[in-house]
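Reviewing the structure listed below.
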């Protein structure tokens, strides 16, 4: 039988007598009314159980620390932060059950901010988005409206300068929207999901620094936090959130900032947080994480993503930009990569030979999988991206090096495909070859999107694995292989059609990549203007024949739509294909339940000519349905 002293709020005396005390049936219980001047005198073996709000529990904790008695918490209506901090169940019956079945006390840590006990968390600045997903059970429409409100408010938020220093004198100067400081990972929705090495008795605290570099980053995190709550712990770490684990942290700023301690707001230029390890004897709730091992006391830092130096200075000058602008350090790293990519290295030459040969074989074999393999092998994307940066930055050496590499790749592709074509007895245009002979504005659209993706993947190393998908989408080598096939056949219509597709891809990628790098902050517009105008002029020139091809494609689709499925002279028309335009040459299949005479075919031809208002050469396949 346990001995319990229930310390209660005077306004809740009836609730304690009627709801709380009966739950301790079979145990010795006495009630003690809380007062600020309370001196707690306990009987031997007696455990203190509080039915108090946050402010009263905060006053009881130093007494428990000093006197060393065992403490348990019940879910008082005003115990908001204390219930979360100590893992107490929201349901009174469950909380009492946890206390009565506890296998002994646990020694827990206690965190203080400027000497004041912190139950749950300290929030500095504007870390509101770190807890954006706290509204559990919220309906979809209110959640969407709250999401939109948060996104719109991002344009009004300015990052502030912060310096964080641990008790072991390790520090970082950064620019952040806000910081959340907790003693353990159960203190908020976000910390529960991303802090794996966190316990209420490890003698350490955690600082999560919210330092996004763009509104886009924040919007993406807000969406995932609010609408995709299924992510597991540890796998949901936003890239722009820094983490420091220490037994004490000082947060300071050159500007006055607002901070909230368990919901109560204060202002200041500096706050000092310290953890007193294993100083409270408690019966914790079921949701609290307890470390059975002796803590190692090692500080941990995950701060490589935080802005420092020039990046910090740039962020402090204005509100958050829509897209993250590159720092000098990031530009130097990317420029080094692009400079290497602009060279015709041995691996580049070997991959061009292999990709061209594979593409030519796939084209003759009419095999899409083989051609896709050639697309992945093709290394042409790298020097084209380098060329776009060279044009953007007006870097003559990078432009010349990239251009030489691209021309070398083009000549190698044409040469090997010509040789292979001459050695191959096949001389028919199949579907894979013909698909690359009539480019339209849609192909330019593919090139533009692929150029954006390629530039972004180069600028963001974490998405570089998407480059294979970009290579498949834009398909640089197959058009060159088809052009080589046209030269090998001495068929210049094939050569010019495929060459136009390659030029479409090349100019579209260069322009889109340059504009993407410009948007990401890799060049000032004053420097980029000339290169962008050159790329735009080339795209406009290419658009002239592409628009003709697009207009022709729309016209063909209109013919197909007007004829496909119609009935003429009792015959159903299916599978319409336009093969030639002057004169118009159509192939189709006629469905009938009986043999078809030449006269009926003439009727179909006459009807089509009348409908299209021009002469038609008709190729017919007859299908008899029984």
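The values are calculated or read from the model by the stated rules, or taken from the named source; none is laboratory data. Note that the structure is predicted; figures quoted are calculated from it, not measured. When we count neighbours, we look across all protein chains shown, and the Cβ atoms used for this are built from the backbone with ideal geometry, even at glycine.
Side notes on the structure shown:
- Residue in the stretch 291-304 that is under 30 Å from residue 85 (Cα atoms), touching a strand residue (DSSP E or B) at 6+ places or on another chain (Cβ under 8 Å) and either in the same structural domain as residue 95 (by TED's automatic domain parsing) or modelled with pLDDT under 75 (or both) present: yes
- Scope the stretch 43-53; condition in a loop (DSSP other than H, G, I, E, B) and surrounded by fewer than 19 Cβ atoms within 10 Å (Cβ to Cβ); matching residues: 43, 44, 45
- Sole residue being touching a helix residue (DSSP H, G or I) at 6+ places or on another chain (Cβ under 8 Å), part of a helix (DSSP H, G or I) and either in the same structural domain as residue 207 (by TED's automatic domain parsing) or modelled with pLDDT of 90 or more (or both), chosen from 280, 334, 338, 398: 398
- For residue 383, the stated conditions do not hold, so it cannot be described as outside any helix (DSSP H, G or I), surrounded by 18 or more Cβ atoms within 10 Å (Cβ to Cβ) and within 27 Å of the chain's Cα centre (by Cα).
- Yes/no for residue 56 being under 43 Å from the mean Cα position of the chain (by Cα) and either buried (at least 17 other Cβ atoms within 10 Å of the Cβ) or in contact (Cβ under 8 Å) with a residue 12 or more places away in the chain (or both): no
- Against the list (1) touching a residue at least 60 places away in the same chain (Cβ under 8 Å); (2) over 43 Å from the mean Cα position of the chain (by Cα), the condition residue 29 fails is (1).
- Conditions (1) touching a strand residue (DSSP E or B) at 6+ places or on another chain (Cβ under 6 Å); (2) surrounded by fewer than 19 Cβ atoms within 10 Å (Cβ to Cβ); (3) under 25 Å from residue 155 (Cα atoms); number of the one not met by residue 241: (2)
- Within the stretch 369-395, residues that are without any contact (Cβ under 8 Å) to a residue 24 or more places away in the chain and in the same structural domain as residue 447 (by TED's automatic domain parsing) sit with their Cβ atoms under 9 Å from residues that are part of a helix (DSSP H, G or I) and crowded, with 24+ Cβ neighbours inside 10 Å, at 6+ positions apart or across chains, in these pairs: 370/359; 370/363; 373/355; 373/359; 395/389.
- Against the test of being out of contact with any helix residue (DSSP H, G or I) (no Cβ under 9 Å at 6 or more places or on another chain) and either surrounded by 13 or more Cβ atoms within 10 Å (Cβ to Cβ) or in a strand (DSSP E or B) (or both), the options 88, 21 yield a single qualifying residue, 21.
- Flag for residue 580 being modelled with pLDDT under 85 and over 46 Å from the mean Cα position of the chain (by Cα): yes
- When the residues of the stretch 111-152 are filtered to those that are modelled with pLDDT under 75 and in a helix (DSSP H, G or I), the one that is farthest from residue 176 (Cα to Cα) is 131.
- Looking only at the stretch 490-540, and only at residues there that are crowded, with 20+ Cβ neighbours inside 10 Å and not in a helix (DSSP H, G or I), the one that is nearest to the chain's Cα centre (by Cα): 520
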